[in-house]
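Have a look at the structure below, then the notes.
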Amino acid sequence: MIGRVLSLDSSPSTLEYYFVASEPVKKNMFVAVDSQDGTVIGMVTEVYRSNRYYESPETMKRSGSIPEKLPARDWELETARVRVYGVLSEEGIRRPFQAVSPGSEVRVASAEELERFLGFDPNGLHLGSLEHHGIPVRVSLSKMFQKHVAVLAMSGAGKSYAVSVMIEELLDREQARPAVIVLDVHGEYTGFAEDPAYASRTRVYENVRIPVPSLTVSDYSLFMPGMTEVQKRELGGVLADLRARQSAGSGPYDLADVMDAVEQKVGGSTARALNAWLEQLAGTGLFDRTGNISVEDLARPGALSVINLASETNLYKKQVLGAWVSRNLFWARRDGRIPPFVLFVEEAHNFAGNESSSISRGIIETIAREGRKFGASLCLVSQRPVRLSTTALSQCNTQLILRVTNPYDLKHIGESSEGIDQSTLDSITSLRVGEGILVGEAVNFPLFLKIRKRRSREGGLGKDFEQATREYEEKQEKEKKDAGAFL
């Protein structure tokens, strides 16, 4: 026992209760009260301390050093507020219909009770440990990724580290192994290819080229969202002619060939508009007669594909690649040509932002809405949730939230995350690196966890500032010595 339920004017209730602690209590700890209906389980949302000797400033001033003259410590009280989550019984979990009785014993919830109550899966993904309890947080693969995931945190709070842990868990499964694909904006996941434990199952793709002959009118309209129906119809005729020539032996064609054919076959203002867009696409350098990547290469059961965009600074080019990769994965999965997959999108607000001009936003929203029916899952990773598409974010039924301090982002998280009350929301700003809140479909109730230690090697951009500066200076010094020796 760690305390007894306190009787107040409006407490206990079916929603919350207070108790006087007889043992040290910590915020976010799960506690239990045994009742006739079952075990009432809740989370400590706040802890208070009081002492009547220190209630009056005048008394404190007259009494001088109170601890030396009076037994002040004997009158110190610790009370805690508990949010009631539910009742655990042999039949399962249900919402409470009665308040706990004043004077009831309060105890720390046991590991067995919490594993059942929170819905942990013994064979699930091991993400970390439950705060204050040390119980492994193991969540069901289906519950976690059936309806998509969002990882939200400010820069430096441990987003990529947490995502790497998720990837490890997916790769290390012995059965029911989805394909794992990452749109890696900063090269933070390339370390998997250098790690002996994961190198054989990891491929890193750079300088991706999109094969022009594989593009349909629908693909072009994705890259050129302003196309009219007339322009689509005319471009469709051009592409049909080019494919016929290719089948007749003329070989693959590129965007220059498409523009020439548009000029010859279409002409006029329609041709000028289409070629203006096509020239913009050609200027990205992403398109060629033949591609260097296929959707079957990207999606392999139990394997990881990292599309490294670290060297790419142009946002438009990133969005074009993101749109093409996402679209091809989704359609291939709908057709059953590839296994179920999880697509991790780093800096997701750049690929699926609130701005309507984002080329890749539409297909990511489509996967968010429809992907669960086909085994196409998303994990959106962002440090600016307020800029992330509300449509996409609303479909992420599981959220892992690490430290966030921006008030606009916090407000957005509070409005989009079911099950987070104000007390939990206030705790987000005080989370340390590697600590987070898991809420949504993956668990029955919100919980605080410490992300486990990763097993894989960190990517080359994971060095801290001091280490990077030291290595640069050492490199410069070595180059000077080498130059001196040569001279």
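Cross-link reach is defined here as a Cα-Cα straight distance under 19 Å, omitting same-chain residues fewer than 8 places apart; for Lys481 the aspartates and glutamates meeting it are Glu471, Glu473. Residue separation of Arg289 and Ala240 scaled by 0.36 nm, minus their Cα-Cα distance, works out to 16.0 nm of gained length. Shown is the FRET efficiency for Ala483 and Thr313, computed with R0 = 45 Å from the Cβ-Cβ distance and rounded to the nearest 0.05: 0.90.
Computed from the C-beta positions of Ser214 and Glu279 and an R0 of 30 Å, the FRET efficiency is 0.90 to the nearest 0.05. Of the GluC sites (Glu not before Pro) found in the stretch 186-265, those that fall in a DSSP loop while having at most 16 other beta-carbon atoms within 10 Å are Glu206. May I ask for the percentage of alpha-carbon pairs in the stretch 190-326 that lie more than 26 Å from each other? Of all Cα-Cα distances in the stretch 190-326, 32 percent exceed 26 Å. So which GluC sites (Glu not before Pro) in the stretch 81-162 are both in a DSSP loop and have at most 14 other Cβ atoms within 10 Å of their Cβ? The qualifying sites are Glu90, Glu91.
For the chain, the carbon plus sulfur part of the accessible surface works out to 48%, probe radius 1.4 Å.
The GluC sites (Glu not before Pro) found in the stretch 278-366 that occupy coil by DSSP, while having at most 12 further C-beta atoms within 10 Å, are Glu355. Counting only protein chain heavy atoms and rolling a 1.4 Å probe, the accessible areas of Trp75, Trp324, Trp277 rank, largest first, as Trp75, Trp277, Trp324.
Summarised as an ellipsoid, the chain has semi-axes of 54, 27, 21 Å, derived from the eigenvalues of the Cα gyration tensor scaled by 5 and square-rooted, with the largest first. Per residue, the stretch 130-260 exposes 40 Å² of solvent-accessible protein surface, assessed with a 1.4 angstrom probe and all protein chains in place.
On the beta carbon distance between Lys232 and Trp75, with R0 = 60 Å, the FRET formula returns roughly 0.15. So how tilted is helix 255-265 from the main axis of the chain? Cα-based, degrees 0 to 90, rounded to 10. Tilt of helix 255-265: around 60 degrees.
Packing-based ranking of 26-35, 284-293 yields 26-35, 284-293, ordered from highest to lowest mean Cβ neighbour count within 10 Å.
Structure shown: which of Lys318/Lys453; Lys27/Lys450; Lys26/Lys453; Lys147/Lys411; Lys26/Lys450; Lys232/Lys265 lie over 19 Å apart, alpha-carbon to alpha-carbon? Among Lys318/Lys453; Lys27/Lys450; Lys26/Lys453; Lys147/Lys411; Lys26/Lys450; Lys232/Lys265, the Cα-Cα distance tops 19 Å for Lys318/Lys453; Lys26/Lys453; Lys147/Lys411. Summary of the geometry: the stretch 215-231 and the stretch 113-130, compared by the centres of their Cα atoms, lie 47 Å apart. Counted residue by residue at 0.36 nm each, then reduced by the alpha carbon distance between them, the extension gain from Glu46 to Ser142 reaches 31.3 nm.
Taking the inverse of the mean 1/r over every pair of distinct Cα atoms in the stretch 181-260 gives a Kirkwood hydrodynamic radius of 15.7 Å. Taking 0.36 nm per residue of sequence separation and removing the Cα-Cα distance, the Ala111/Thr391 pair yields an extension gain of 97.1 nm. When only Cα pairs below 8 angstrom with a gap of at least 6 residues are kept, the chain shows a relative contact order of 19 percent. Between the stretch 181-204 and the stretch 3-20, what is the separation of their alpha carbon centroids in Å? Taking the Cα centre of the stretch 3-20 as reference, the centre of the stretch 181-204 is 51 Å away.
Which shape class, rounded, prolate or oblate, goes with the stretch 276-316 when its Cα gyration tensor gives a ≥ b ≥ c as root eigenvalues, a/c under 1.5 marks rounded, and past that a/b bigger than b/c marks prolate? Since a/c reaches 1.5 but b/c is at least a/b, the shape of the stretch 276-316 is classed as oblate.
Within the full protein context, the accessible area of Tyr48 is estimated at about 80 Å² for a probe radius of 1.4 Å. Considering all C-alpha pairs of the stretch 99-155, those separated by over 16 Å amount to 58%.
The values are calculated or read from the model by the stated rules, or taken from the named source; none is laboratory data. Since this is a predicted model, take the numbers as computed values, not measurements. A quick note on method: Cβ atoms are made from the backbone with ideal geometry, for glycine too, and the neighbour counts reach across all protein chains shown. Just so you know, the surface numbers come from the protein's heavy atoms only, side chains and all, with ligands and any DNA or RNA stripped out. Shrake-Rupley method; radii C 1.70, N 1.55, O 1.52, S 1.80 Å.
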